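Data block below; observations after.
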Amino acid sequence: MANNIIIFDTTLRDGEQSPGMSMNLEEKLMVAEALDTMGVDVIEAGFAMASVGDFEAVREIAGKIKNSVVCSLARAKTADIERAAEALKPAKQSRIHTFISTSDIHLKYQFRMTKEEVLVIINDTVKLARNYTDNVEWSAMDATRSDRDYLCKAIETAIRAGATTVNIPDTVGYATPSDYGALIKYIADNVPNIDKAVISTHCQNDLGLATANSLAAIQNGARQIECTINGIGERAGNTALEEVVMAIKTRHDLFKFDCNIDTTHIMRLSRMVQSITGAHVQVNKAIVGANAFAHESGIHQDGMLKNASTYEIMTPESIGLTKSSLVLGKHSGRHAFRERIAELGFEVGDNAFEEAFHRFKELADKKKDIYDEDLITLLDNEAKGADPIALESLHITCGTIGPQTAMICLRINGEVHRVTVEGNGPVDATFNAITTLIPHSAKLKLYLVSAITQGTDAQAEVTVRLETPDGKIINGTGSSIDTVVASALAYINALCKLKTMQQRESLLPAAKA
Ligand code: KIV
């Protein structure tokens, strides 16, 4: 049995479909390219049938990704499979991932089908998917609450019809490591044609056991793990990519497997997904939490000073975490800047380099010490591109003596617009001023501020989440050494995305009719 574990990332599908996590096309592309560079084997780019936006995202990602296999989810329906195949056409390597439930509970209450009917559907839909690609994954939704022998029959049917990967989802996060491991072993021992397919795991985290369950599965014969960055996903989330990968690498004595992930990219992806979605990980989150490598107690600090291996089972550098050491300042030149960003894993062309260097100098004029985190934010912002609405200036009056007012000047479609508006505090005044110039009917659902580095001159990173009257979610982000400016940038960013989304929707055939 091969010792390589296939890492299947579903941040852009299972992750993105969870509440508040929506990403726009540009953001999905950015994440997909970073996943590809990190060495993810399969990127589930979306669910092509779900919406025109999902279809476009899968198609764009399929056209851009160089190394990873690009995958689209599809229900066990002809239209879904055809739509997935269409979206995946530009891919160098594609996979269709089709699924149907196998548990009695789902068949009785949700699908209202007999077990025999489901077997026929599995056969027909997997065969249909195989007409489009040789790489077909079939999932048994709610596998962990399915009758084992029926599950084995369904898996055998899928493999006979041409499935090359069979996924055993713990859809409701019900399994524990011992029974999930035993289920995988049962499948490996009892499905007669199992040698013709890879067994895959997909573990939800409802009981906090997703990582443990995925690891138990590979010890019992599974060779693919489905996971997401920071463990985002339905309800309590999915298996965290960073946790399973670092467990495999750190406990190689127990998990004698390899995977293709360059772990030094983990931190960058974690920060990227946090910044795009506004879903910040808890400080004590394994691997990527702010405290994951912090040593507070005297005894631990003493040990660390003598030898880091006393209290550290993996190095911060192995996940791409650089100590918040001062790297650059306003006297740093192009050469130092170029070297440092290359060390941080950024490849930028000449024009993009000049633009980024200019922004770096602007930042260094305002902020004495520039840390790696500042550079990462700056380069990720450059990659996102400028908003079509620009913040020309913002002047705030605030403090103990009200009223708090915001005097704002925005450039909208090349024209400068100014307004002065009051509010309950500087951020409220700023948002009121922006809404006066860019009227909209979305509701503010989240306003979140965090500091990118330590110190009172740290840049603030702000996330703003809006909800449209028809329930669509848009996240905007902004960063600046001035928290109110960062807030204004985040709000403008969210409103620009809202306008782009509305323009795209107005071009759709259904909207025109
Ligand atoms: O949780 C689940 O069962 C799924 C499948 C579609 C893989 O997301």
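The values are calculated or read from the model by the stated rules, or taken from the named source; none is laboratory data. Small disclaimer: the values here were computed from a predicted structure and weren't measured. Neighbour counts run over all protein chains shown; Cβ positions are idealised from the backbone, glycine included. For accessibility, only protein heavy atoms count, side chains too; no ligands or nucleic acids. Shrake-Rupley method; radii C 1.70, N 1.55, O 1.52, S 1.80 Å.
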- Query: Can you find a residue in the range 498-510 that is under 21 Å from ILE376 (Cα atoms), of a type in the set (A, V, I, L, M, F, W, C) and modelled with pLDDT of 90 or more?
  - Reply: no
- Item | Selection within the range 385-401 - open to solvent by less than 60 Å² (accessible area, probe 1.4 Å) and touching a residue at least 12 places away in the same chain (Cβ under 8 Å) | GLY385, ASP387, ILE389, ALA390, LEU391, SER393, LEU394, ILE396
- Message: Quick test of your reading of the structure: LEU394 fulfils all but one of (1) among the aliphatic types (A, V, I, L, M); (2) under 13 Å from LEU489 (Cβ atoms); (3) under 28 Å from the mean Cα position of the chain (by Cα). Name the failing condition by number.
- Response: (3)
- Message: Take GLY478 and tell me if it is assigned to a loop (DSSP other than H, G, I, E, B) and under 23 Å from the mean Cα position of the chain (by Cα).
- Response: no
- Message: If I ask for residues that are among the polar types (S, T, N, Q) and away from the ligand (no atom under 16 Å from the Cβ), which ones from the range 165-183 would you list?
- Response: THR176, SER178
- Query: Tally time: how many residues in the range 19-34 are open to solvent by less than 20 Å² (accessible area, probe 1.4 Å), within 25 Å of LYS499 (Cβ to Cβ) and either in a loop (DSSP other than H, G, I, E, B) or not charged (D, E, K, R) (or both)?
  - Reply: 4
- Query: Which one is least open to solvent (accessible area, probe 1.4 Å) among residues in the range 123-144 that are β-branched (Val, Ile, Thr), assigned to a helix (DSSP H, G or I) and within 14 Å of the ligand (Cβ to nearest atom)?
  - Reply: THR125
- Item | Filtered residue count, the range 316-375, keeping only those that are in contact with a helix residue (DSSP H, G or I) (Cβ under 8 Å, 6 or more places away or on another chain), open to solvent by less than 40 Å² (accessible area, probe 1.4 Å) and small (Gly, Ala, Ser) | 6
- Query: Only one residue in ILE408, ILE401 is more than 27 Å from MET272 (Cα to Cα), over 28 Å from the mean Cα position of the chain (by Cα) and in a loop (DSSP other than H, G, I, E, B), so which one is that?
  - Reply: ILE401
- Item | Residue satisfying all of: in the range 217-230; touching a Leu at 6+ places or on another chain (Cβ under 9 Å) and crowded, with 24+ Cβ neighbours inside 10 Å; farthest from THR10 (Cα to Cα) among these | ALA217
- Which of the residues that make up the range 61-119 are hydroxyl-bearing (Ser, Thr, Tyr) and within 23 Å of the chain's Cα centre (by Cα)? SER68, SER72, SER94, THR98
